[in-house]
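Below is one structure, written out as structure tokens, with a few remarks after it.
The values are calculated or read from the model by the stated rules, or taken from the named source; none is laboratory data. Worth saying up front: this structure is predicted, and the values here are computed from it rather than measured. Cβ placement follows ideal geometry from the backbone for every residue including glycine, while neighbour counts extend to all protein chains displayed. Heavy atoms of the whole protein, side chains included, go into the accessibility calculation; ligands, DNA and RNA do not. Shrake-Rupley method; radii C 1.70, N 1.55, O 1.52, S 1.80 Å.
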Amino acid sequence: MESEVMPEKMEVIHVDGISVSYTYYKGGASFLFLFHGFGQTADIYTAFIPQVRSQYSVIAFELFTSLKNNKTYEPVISIPQWNALIEQLREKYSIEKFSILSFSMGTRFAVSMLELQALRIQRMVLIAPDGFGNTVWFRIATATYLSRKIFKAVMKHPETIKRIAKGMHKAGLLNQITYRFIERNLENKFLTEKIYQTWVYVRKLRMPPEAFISLINRHGIKLLFVLGKQDQLVAAGKIRSIAMQTHAQLMELELAHHKLTQTIDGGEVKRFLISDGK
């Protein structure tokens, strides 16, 4: 039945002390890589995977499992390490061409493959993509050893942060995007620790917009952006500009950031990925 998802077992690949978990779903001859966002698992794709298995074999990543119960050191993944992991997968499953679907922070992993894998990427769907702008807060918090220590200490007091952020926002010293992020995500110490670990882990996964545009155009990668008009966490203006320069398709919906996962199971994403079978 199409509604059933029958995966192979979850597996783990390693390189240089870094690991990533994934589940492989055997299907069509083409491959599709799925990337979830912060605070999520690959379960956000459970209903979607059966819809595309006639076209694609699917690899659904669990991006942050290596951070669980890790109290001894602060892991960070680099672009070379991430691409070495991808090369292991390519060799294991003889992957020559593939497409990508990502949500939010998962886009950092997707985009970090472009420089070495662009020749093999056919289509990319980037939903509420993180990493294309509005990252001053992120960069300040993770840029240096000292700033990370300060960030970690501050994150132990989420209620204090929220009070300070509210005052700064009212005074015009904190932009709306950063303020909304703080309000929505700093609910308790468990969540703040999770934010800290995740931000530190992905801080090296980034690509300048100019390089992204150049690679997309040079290799003719078909691209779909999905944005929410109520999404305060994504640099919508920057992404609209990138979409124009790459001749990408652009969907803008009356949704907030976390609600954009609804589009995964919408027909538009599926049609884009299998529209002509190429």
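Grab the helices (runs of 4 or more DSSP H) fully contained in the range 163-278, keeping just those with 3 or more residues being at pLDDT below 75.
176-185, 189-202
So, of the residues in the range 231-278 that are in contact with a Gly (Cβ under 7 Å, 6 or more places away or on another chain) and open to solvent by less than 70 Å² (accessible area, probe 1.4 Å), which turns out to be farthest from Ile49 (Cα to Cα)?
This residue is Ala235.
Of the conditions (1) touching a residue at least 40 places away in the same chain (Cβ under 8 Å); (2) in contact with a strand residue (DSSP E or B) (Cβ under 6 Å, 6 or more places away or on another chain), Gln249 fails just one. Which one is it?
So Gln249 meets the others, but not (1).
Among Ile86, Ile95, which is the only one that is at pLDDT 95 or above and either touching a Gly at 6+ places or on another chain (Cβ under 8 Å) or in a helix (DSSP H, G or I) (or both)? Let's see the steps before the verdict.
Values: Ile95 fails: either touching a Gly at 6+ places or on another chain (Cβ under 8 Å) or in a helix (DSSP H, G or I) (or both).
Ile86 is the lone residue from the list that is at pLDDT 95 or above and either touching a Gly at 6+ places or on another chain (Cβ under 8 Å) or in a helix (DSSP H, G or I) (or both).
Anything in the range 21-67 that is in a loop (DSSP other than H, G, I, E, B), crowded, with 17+ Cβ neighbours inside 10 Å and either touching a strand residue (DSSP E or B) at 6+ places or on another chain (Cβ under 7 Å) or among the basic types (Lys, Arg) (or both)? List them, or say none. Give the derivation first.
To start, the set of residues in the range 21-67 that are in a loop (DSSP other than H, G, I, E, B) comprises 26-29, 36-41, 46-48, 53-55, 63-64.
The next check asks that each one be crowded, with 17+ Cβ neighbours inside 10 Å; those that pass are 27, 36-38, 40, 48, 53, 55, 63-64.
Gly27, His36, Gly37, Arg53, Gln55, Leu63 - these are the residues of the range 21-67 that are in a loop (DSSP other than H, G, I, E, B), crowded, with 17+ Cβ neighbours inside 10 Å and either touching a strand residue (DSSP E or B) at 6+ places or on another chain (Cβ under 7 Å) or among the basic types (Lys, Arg) (or both).
Out of curiosity, is Gly228 buried (at least 18 other Cβ atoms within 10 Å of the Cβ) and among the small types (Gly, Ala, Ser)?
yes
Among all residue pairs at least 6 apart or on different chains, which show Cβ distances below 7 Å where the first residue, located in the range 117-142, is of a type in the set (A, V, I, L, M) and the second is modelled with pLDDT of 95 or more and in a loop (DSSP other than H, G, I, E, B)?
Cβ pairs passing all conditions: Ala118/Ile221; Ile121/Ile221; Met124/Ile221.
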